[in-house]
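Inspection log for the structure reproduced underneath, given as structure tokens.
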Amino acid sequence: MRLPAVMESVEPFQDMVRRAGVACGFQDHLLLRVELATEELLVNVINYAYPSESTGWIDLDCEATASGDLVMTIRDGGGPFNPLDLGTPDTDAALNQREVGGLGVLLVRKMADDFRYERCGETNVVTLRFKGES
């Protein structure tokens, strides 16, 4: 599914991801992990991938594997940005001493069973895998 990189696109993407998770047989607690990770990445693309004067696009694909896993791929045409290059935020530091940013990516790292990034031509490609419950 390709939609504009605007906040109004988050809900239709989330609906698609939820349907894919249900099709994989995911229980509510696993669906919540998938939805939280998806929302975090989508909002990051919407807020940061494109210059403020332009609206870009986001592609989101979901695939159920034979083993019951859900593989989700998010693509955008924004500038190169590898979320895996971000350092791990110091969650032990006092709130007023922490650097801004990075907590969302940390959340995605914790929620997804596999988190990958690659730059393909002019496209950022993030792939997440969520393992089904066997």
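Tell me, yes or no, whether region 33-45 has at least one residue that is within 16 Å of the chain's Cα centre (by Cα) and surrounded by fewer than 12 Cβ atoms within 10 Å (Cβ to Cβ).
no
Only residues that are hydrophobic (A, V, I, L, M, F, W, C), over 15 Å from V126 (Cα atoms) and in contact (Cβ under 8 Å) with a residue 24 or more places away in the chain: list them for region 18-35, please. Break it down into steps so the answer makes sense when it comes.
Initial filter on region 18-35 (hydrophobic (A, V, I, L, M, F, W, C)): 20, 22-24, 26, 30-32, 34.
With the extra rule that they be over 15 Å from V126 (Cα atoms), the set shrinks to 20, 22-24, 26, 30-32.
A20, A23, C24, F26, L30 - these are the residues of region 18-35 that are hydrophobic (A, V, I, L, M, F, W, C), over 15 Å from V126 (Cα atoms) and in contact (Cβ under 8 Å) with a residue 24 or more places away in the chain.
Are there helices (runs of 4 or more DSSP H) fully within region 5-112 with at least 1 residues that are more than 22 Å from R129 (Cα to Cα) and modelled with pLDDT of 85 or more? List them.
28-48
The values are calculated or read from the model by the stated rules, or taken from the named source; none is laboratory data. Remember, predicted model here, so these are calculated numbers, not experimental data. Reconstructed Cβ throughout: ideal geometry from the backbone, glycine too, with neighbour counts over all protein chains shown.
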